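Okay, structure first, notes after.
The values are calculated or read from the model by the stated rules, or taken from the named source; none is laboratory data. This one's a predicted model, so the numbers in the text were calculated from it and none came from an experiment. Heads up, the Cβs are rebuilt from the backbone with ideal geometry, glycines too, and the neighbour counts pull from every protein chain shown.
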Amino acid sequence: MNNRSDRDRPTAVRSHGSLRNDIPKPLPRFSHAKFATNPPFADAASAAMSASAVIRDFDDFVKVHGILLAASGVPLPLYRQLFRKLSSETFDGGDFFSIEPCEGGRQRRLLLSADFLGKESNVFLVDHAWSFRLSDALQQLREVPGLAERMATLMCVDLDLKSNDENPESETQEEEKSGSLDNVLEILLKEMDKVKERGVDAATWLELEELGIDDEMLKSLELSTKFPNLVSLNLWGNKLEDAETIIQEVTKCRRLKAIWLNDNRALRDCGDRISKSILDGIPGLEIYNSCFTSNFGEWALGFCGSILGADNPGCLSECSGSLASITTLDLSNRCVRCLPKAFSPIMLPSLSHLNIRGNQLDQISVNDLLQLLKSFTLQTLEVDIPGPLGNSALQILEYLPNLSFLNGVSASVITETGKHVIDSALQPRLPEWAPSETLPDRVIGAMWLYLMTYRLADEEKIDETPVWYVMDELGSALRHSDDANFRVAPFLFMPDGKLASAVSFSVLWPIQDVHHGEECTRDFLFGVGEDKQRSARLTAWFDTPENYFIQEFKKYQQQLASRSLPAPKEAPISRSILQHDRHTLQVYTDIPHVEEFLTHPKFVLITNPKDADIIWTSMQVDPEVKKALELTDLHYTNQFPFEACLVMKHHLAETILKAQGRPEWLQPTYNLETQLSQLIGDYFVRKQDALNNLWILKPWNMARTIDTTVTEDLSAIIRLMETGPKICQKYIEHPALFKGRKFDLRYIVLVRSMDPVQIFLFDVFWVRLANNPYTLEKSSLFEYETHFTVMNYRGRLNHMNTPEFVREFEEEHLVNWQTIHQGIQDMIRSVFDSAAAVHPEMHNPQSRAMYGVDVMLDHLFKPKLLEVTYCPDCGRACKYDTEAIVGNGGIFRGRDFFNTVFECLFLGETAHVTPL
């Protein structure tokens, strides 16, 4: 019941005041990027190159940057002003704006300090304080002088360090103040004087918060004797440790209506015992540690309606009639399960604004609660959706048609948009850290609340790896609003007319009239509507309703549980496609390894695809390609129609889940473009159950682990959607290890037919090893060579002979590899059966294909599917001879790899392959 709520504190909440910070002048950038573009601006930047020229005047500026200007959305009348400021590097935001701490110093907001700023009347430059690739973030924070300090201040994660540095005497002063009996007695004497003034029947309200009161002092105060009419006692944040002392002294105060014992050590050790004893000993108690008791009634309603408090404790007589003046009642987060008789239009005739968020209210039915609320003349209502009034805002409004606002949103807007779940009063997601955390670690934890992204580009290509950046102090103080009064856009300035000289900024301009003192805001999801999961994506910055997402996840689970894979058809063994009257098959290929290693005498390489029997290509053979190459439906190709259901990661997961629910060998997987709500629900359930919440994000259709990230940060998961479509998959946090390192296995699957399914597994497979010992330390998540195994393109290449690996693995783990291999075979067969069941249109008698299947083992040595790849890289297969330790065994010559593939697919041979 230790549900802390600062609004319960009758004393003034301590704050940092309204200190305004001057906007700092531009500081040095922390960046490795010489030129940059945001994803929407990449084409614009490329187009700008063709018009490259040194910028001498405004006309040159527009000529070179015209497409970039249009893409940024900067209004045409502001072009000339932007040109002047870029040319002179004028950062004049300090003349118009001020920064102010908010949320107890854990955020900053931007206010207009000028008298007035008209819509689209001015444009401001915002510098980029830090630009980086994600894999380099932690290293840069640790190694670049001043970077961690600046980012920690900008992101408000150094408050504890700052307060100690700025006021070293504060701790000593606090110690001198706390624990002083004289201080406490002085407060009690003042309260005793107030009681005398009010009269014998006056109630007493004692505020003894954070005064260092320990067990002995509490006894010595004799509160029940001094204040026989004590109705409210606040002992929040003291030094009470003994449960018996607390119970004895508090229960002497028989007339108590409210008691706050939050943040006392005794509650951490004996919280349940203390609460039970106090509730049994004081039957009339209505509030215990911010929560309503089962006996709450008029007094608690009066407190939440602000007619009772420290300045107005009331009298001992019933407060009947006094509730009649309450117009606004905030009952949020009070652990309320049922409403009392006092909650009625007779007792509360003026009630028009009600907040019942954060309460289960599970002892009253939805219909009964709606009927009760309908008896009031409510204008505004705050309630969890889904929650005690059901799952739909529209249905609530149908039952309560007199509501003007529901969860801060106009009833008319809800009706027009048809939104079922709405909320305009979301609380910001604030950074959290442990006092022992270093500044770099704190920044890593907070940065997703501030980051923005772009990709680098040059004359030849757009880089596949995104760059993330943090705007300077002014830009980072812009908070979110659905009704923003400013807009921010990235801009690439090329003073020499070439990308090599380009510098990236953000530009800021007002899109509404703004007056002195108003907060300046931007839309964090500008251009993103509900069709792109806007409400769910706001979870990156705000505490959105967890219940809604959990329900979406549970509904999704139920759907998966109802699915199962039908039994596969029996497959006759297909024969050779080589006709009796022919001696060879003609092959056209654009793959160098096939050109070099396909030496079988029955296959002849030719250069004209039109004359070929077999087209073996790395490109997709779509209708346009077929037309260009003059191909017919009689040509055999190395790809199946709709094979994207296997080789694109989101389609692969969708195919398997649709076919058979979620098999044990598929980690929980979500398409972030369509299933973000279900993922968030899964995340929240795991968090509630204290389960591991480490996830891996993979682009739909990129190889070599490009833009692939491992994280346990929900904000990071959501924000990473901005760099392209991805799946989010539960990370295998406990994989099988080989000498302490991660590994995965590459299998080759040959497919002759998809109806019926006829597939063969190559008897040789390959192991890929990570370079570093495996660990789940947070800092390791940035280490590619710890968590990834593909080292062909980065890191140290570390090949190991497969037979040697298997022998040593069996010795290390005391397992039989043949048992493990059988599980892998069954899994691979199930993958292709799923595709055949869900996409029968895949079958094509003229298709034959080879796929790579990547597999990992968990700590129980059970297989887990990673991905299926089209036209896999077979350089290693062709280069090395090895022993086949499964299937028929024997030595396999690497130079015969493609001979064996083509024999199996086109001649009906089964040497070195196993039918599945």
> Can you tell me which residue in the stretch 628-673 is surrounded by the most Cβ atoms within 10 Å (Cβ to Cβ), limited to those that are under 35 Å from the mean Cα position of the chain (by Cα) and at positive phi?
Replying inline: F642
> Given V514, V503, V488, V470, which one is farther than 27 Å from M151 by Cβ and either in the same structural domain as Q107 (by TED's automatic domain parsing) or of a type in the set (K, R) (or both)?
Replying inline: V514
> Mind checking which residues of the stretch 480-536 are in a strand (DSSP E or B), over 26 Å from the mean Cα position of the chain (by Cα) and surrounded by fewer than 19 Cβ atoms within 10 Å (Cβ to Cβ)?
Replying inline: H515, E519
> Residue check, C335 against (1) buried (at least 18 other Cβ atoms within 10 Å of the Cβ); (2) in the same structural domain as P349 (by TED's automatic domain parsing), all met but one. Which one?
Replying inline: (1)
>> Restricting to the stretch 113-145, name every residue that is exposed (fewer than 14 other Cβ atoms within 10 Å of the Cβ) and assigned to a strand (DSSP E or B).
In response: F116
>> Scan the stretch 544-564 and tell me whether some residue there is touching a residue at least 24 places away in the same chain (Cβ under 8 Å), among the acidic types (D, E) and closer than 30 Å to T900 by Cβ.
In response: no
> Can you pull out the residues in the stretch 581-612 that are part of a helix (DSSP H, G or I) and more than 19 Å from C904 (Cα to Cα)?
Replying inline: P592, P609, K610, D611
>> Looking only at the stretch 488-538, filter to residues that are of a type in the set (K, R) and under 30 Å from I385 (Cβ atoms); which one of those is modelled with the lowest pLDDT?
In response: R534
>> Out of the residues in the stretch 724-741 meeting the condition of being assigned to a strand (DSSP E or B) and of a type in the set (K, R), tell me which one is farthest from M648 (Cα to Cα).
In response: R741
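Taking the condition in contact (Cβ under 8 Å) with a residue 24 or more places away in the chain, under 27 Å from P592 (Cα atoms), in contact with a strand residue (DSSP E or B) (Cβ under 8 Å, 6 or more places away or on another chain) and charged (D, E, K, R), does D613 pass?
So D613 passes the test.
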> For the stretch 717-749, how many residues meet the condition of being buried (at least 21 other Cβ atoms within 10 Å of the Cβ) and farther than 24 Å from E664 by Cα?
Replying inline: 4
> Can you find a residue in the stretch 851-868 that is at pLDDT 90 or above and farther than 27 Å from K739 by Cβ?
Replying inline: yes
>> Anything in the stretch 53-112 that is in contact (Cβ under 8 Å) with a residue 24 or more places away in the chain and either part of a loop (DSSP other than H, G, I, E, B) or not assigned by TED's automatic domain parsing to the domain that holds M151 (or both)? List them, or say none.
In response: A53, V54, I55, G73, V74, P75, E89, T90, F91, D92, F96, R106
> Under the condition of being within 22 Å of V470 (Cα to Cα) and of a type in the set (S, T, Y), which residue from the stretch 72-129 is modelled with the highest pLDDT?
Replying inline: S98
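Each row is one residue, and each column tells you yes or no for (1) touching a residue at least 12 places away in the same chain (Cβ under 8 Å); (2) closer than 27 Å to L323 by Cβ; (3) surrounded by 23 or more Cβ atoms within 10 Å (Cβ to Cβ); (4) not assigned by TED's automatic domain parsing to the domain that holds A202.
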{"residue": "E244", "(1), (2), (3), (4)": "no, no, no, no"}
{"residue": "K257", "(1), (2), (3), (4)": "yes, yes, yes, no"}
{"residue": "I274", "(1), (2), (3), (4)": "yes, no, yes, no"}
{"residue": "Y288", "(1), (2), (3), (4)": "yes, yes, yes, no"}
{"residue": "C291", "(1), (2), (3), (4)": "yes, yes, no, no"}
{"residue": "I307", "(1), (2), (3), (4)": "yes, yes, no, no"}
{"residue": "A310", "(1), (2), (3), (4)": "yes, yes, no, no"}
> Which of the residues that make up the stretch 568-609 are under 51 Å from the mean Cα position of the chain (by Cα) and small (G, A, S)?
Replying inline: A571, S574
>> Give all pairs with beta carbons closer than 7 Å in which a residue from the stretch 190-202 that is surrounded by 10 or more Cβ atoms within 10 Å (Cβ to Cβ) meets a residue that is among the hydrophobic types (A, V, I, L, M, F, W, C) and part of a helix (DSSP H, G or I); count only pairs at least 6 apart in sequence or on separate chains.
In response: A202/V195
> Residues A884, A911, A837: which one is aliphatic (A, V, I, L, M) and under 42 Å from the mean Cα position of the chain (by Cα)?
Replying inline: A837
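So, in the stretch 613-626, exactly how many residues are modelled with pLDDT under 90 and either among the hydrophobic types (A, V, I, L, M, F, W, C) or not in a helix (DSSP H, G or I) (or both)?
Residues flagged as modelled with pLDDT under 90 and either among the hydrophobic types (A, V, I, L, M, F, W, C) or not in a helix (DSSP H, G or I) (or both) within the stretch 613-626 amount to 6.
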>> within 27 Å of H839 (Cα to Cα) and either out of contact with any Asp or Glu (no Cβ under 9 Å at 6 or more places or on another chain) or assigned by TED's automatic domain parsing to the domain that holds Q620 (or both): which single residue out of L697, L657 fits that description?
In response: L657
> When the stretch 553-563 is examined, which residues are found to be modelled with pLDDT under 90 and either assigned by TED's automatic domain parsing to the domain that holds D482 or part of a helix (DSSP H, G or I) (or both)?
Replying inline: A561
> Among the residues of the stretch 627-658, how many are part of a helix (DSSP H, G or I) and closer than 17 Å to V587 by Cβ?
Replying inline: 1
> Here are K726, K739: which of them is basic (K, R) and closer than 26 Å to P431 by Cα?
Replying inline: K726
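Could you tell me which of the residues L672, L679, L697 is under 20 Å from R534 (Cβ atoms) and in contact with a Ser or Thr (Cβ under 7 Å, 6 or more places away or on another chain)?
It is L697.
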> Name the helices (runs of 4 or more DSSP H) wholly within the stretch 208-314 that hold at least 3 residues that are under 22 Å from R334 (Cβ atoms) and touching a Gly at 6+ places or on another chain (Cβ under 9 Å)?
Replying inline: 298-304
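Hey, among K374, K341, which residue is over 23 Å from I307 (Cβ atoms) and basic (K, R)?
Exactly one of K374, K341 is over 23 Å from I307 (Cβ atoms) and basic (K, R), namely K374.
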